[in-house]
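Down below is the structure, laid out as structure tokens.
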């Protein structure tokens, strides 16, 4: 479908969301004690949070049990030993025996994205495989992504990539419906703002078999306040990949440093109060990717050409949020005097750092009432 036929739907959607936002704004924020009403929201982590461990799904299940969490998000296909049905059903049973749900994901299914790889065949073959894996694992979703911010500068821009992705999803619609699987599209690495994710979902055929994967951290890379991102994507959400963000105004725009939960500038009390209201039954998965700074240089000439349809109010809200923060130094792994030993120490330090970040995040989330297990 041509870009001109997509944009009116998006504009109509934004009008609807604006009206809904007024009602949401009328609700007063509650304190921490009241927020403990979030008990009952399942809590887990995304395997990418501890990527330096190079664990397979079995290792993640053991770690999940130690953390006392309810759900495990295996967000790529590389960490399964086989795609054989018998093996996947066995993994499903192991998870069930531990009282852990599994959500599963994969990467780009946009055949024209700069990030697309043909490791699993063409885009349609990739998605069909991923749906089958999700079905055998008992996952209610298969998380997919379009690409990253560079796709906004490709021929036809992000709307062309949205249509290419929607076409792949439509081709797999009947398989997803037969399997009872939702194809959950993430706002990933600066590729799409929340309203554009919704455009893709609707263009692919709507929520009958499509859904969203909420990523609060990635919202900060697309000039969005995570709470506004939640209001728009939340009604479509089926799964999540959340992390905190520290943000501050910098020379060319803003700079973002992703952090452990509770260490950044997202108001999680307000976030999860609203999350419970508009995302019933959706688990919270934490995907910490901490330690580095990334500037969002929207003051640079040409940068905002990638966001021509962005609302001024969205940018204003983003800047108001950014003004809360002050600059932070990035994390650096220690380096020893011997080069071989230094590499080993750096790898070990990175592993320890990633585990510390996710463990601190799980503790924080439990402290504000998330999670089913004690």
Residue pairs within 6 Å by beta carbon, gap of at least six or interchain, first lying in segment 305-325 and on the phi < 0 side of the Ramachandran plot and crowded, with 16+ Cβ neighbours inside 10 Å, second modelled with pLDDT of 95 or more and in a helix (DSSP H, G or I), listed first then second, are 306/152; 317/228
All positions within segment 196-214 that are within 16 Å of residue 161 (Cβ to Cβ) and under 15 Å from the mean Cα position of the chain (by Cα): 196, 197, 198
Just to check your reading of the model, which residue among 224, 228 is buried (at least 24 other Cβ atoms within 10 Å of the Cβ) and touching a residue at least 60 places away in the same chain (Cβ under 8 Å)? 224
Search result, residues across segment 120-156 that are within 23 Å of residue 57 (Cβ to Cβ) and free of Cβ contacts under 8 Å to residues at least 40 places away in the same chain: 121, 125, 126
Residue 217, sole failed condition from (1) within 14 Å of the chain's Cα centre (by Cα); (2) closer than 27 Å to residue 175 by Cβ: (2)
With the condition kept exactly as written, say whether any residue in segment 284-293 is without any contact (Cβ under 8 Å) to a residue 60 or more places away in the chain and buried (at least 16 other Cβ atoms within 10 Å of the Cβ). yes
So residue 261, is it under 19 Å from the mean Cα position of the chain (by Cα), closer than 29 Å to residue 182 by Cα and assigned to a loop (DSSP other than H, G, I, E, B): yes
If I filter segment 231-246 for residues that are in a helix (DSSP H, G or I), out of contact with any strand residue (DSSP E or B) (no Cβ under 7 Å at 6 or more places or on another chain) and crowded, with 24+ Cβ neighbours inside 10 Å, do I get at least one hit? yes
Confirm whether residue 254 is touching a helix residue (DSSP H, G or I) at 6+ places or on another chain (Cβ under 7 Å) and either surrounded by fewer than 16 Cβ atoms within 10 Å (Cβ to Cβ) or part of a helix (DSSP H, G or I) (or both). no
Could you list, in sequence order, all residues of segment 107-130 that are more than 23 Å from residue 153 (Cα to Cα) and buried (at least 21 other Cβ atoms within 10 Å of the Cβ)? 126, 127, 130
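Of 194, 219, 211, which residue is surrounded by 21 or more Cβ atoms within 10 Å (Cβ to Cβ) and closer than 22 Å to residue 364 by Cα?
When all the criteria are applied, what remains is 219.
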Being more than 11 Å from residue 290 (Cα to Cα), out of contact with any strand residue (DSSP E or B) (no Cβ under 9 Å at 6 or more places or on another chain) and assigned to a helix (DSSP H, G or I) is the filter here, so list the residues in segment 356-368 that pass it. 359, 360, 363, 367
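Could you please give the count of residues in segment 264-283 that are under 18 Å from the mean Cα position of the chain (by Cα) and in a helix (DSSP H, G or I)? Give the steps one after another, and end with the answer.
Taking segment 264-283 as the starting set, the residues that turn out to be under 18 Å from the mean Cα position of the chain (by Cα) are 264-268, 271-272, 274-276, 278-283.
Filter once more, keeping what is in a helix (DSSP H, G or I): 268, 271-272, 274-276, 278.
So the count comes out to 7.
Residue-wise test of (1) outside any helix (DSSP H, G or I); (2) under 19 Å from residue 366 (Cα atoms); (3) over 21 Å from the mean Cα position of the chain (by Cα).
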| site | (1), (2), (3) |
| --- | --- |
| 285 | yes, yes, no |
| 289 | yes, no, no |
| 295 | yes, no, no |
| 300 | yes, no, yes |
| 304 | no, no, yes |
| 314 | no, no, no |
| 317 | no, no, no |
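Kindly evaluate residue 66 against the criterion of being modelled with pLDDT of 95 or more and farther than 19 Å from residue 176 by Cα.
Numbers: modelled with pLDDT of 95 or more: yes; farther than 19 Å from residue 176 by Cα: yes.
Yes: the conditions hold for residue 66.
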Kindly list the number of the only condition in (1) in a helix (DSSP H, G or I); (2) more than 22 Å from residue 330 (Cα to Cα); (3) in contact with a strand residue (DSSP E or B) (Cβ under 8 Å, 6 or more places away or on another chain) that fails for residue 218. (2)
Subset of segment 89-119, residues under 22 Å from the mean Cα position of the chain (by Cα), touching a residue at least 12 places away in the same chain (Cβ under 8 Å) and over 13 Å from residue 57 (Cα atoms), comes to 106, 107, 108, 109, 110, 111, 112, 113, 114, 115, 116
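The values are calculated or read from the model by the stated rules, or taken from the named source; none is laboratory data. Worth saying up front: this structure is predicted, and the values here are computed from it rather than measured. Quick reminder, even Gly has a Cβ in these numbers, built from the backbone with ideal geometry, and neighbours come from all protein chains shown.
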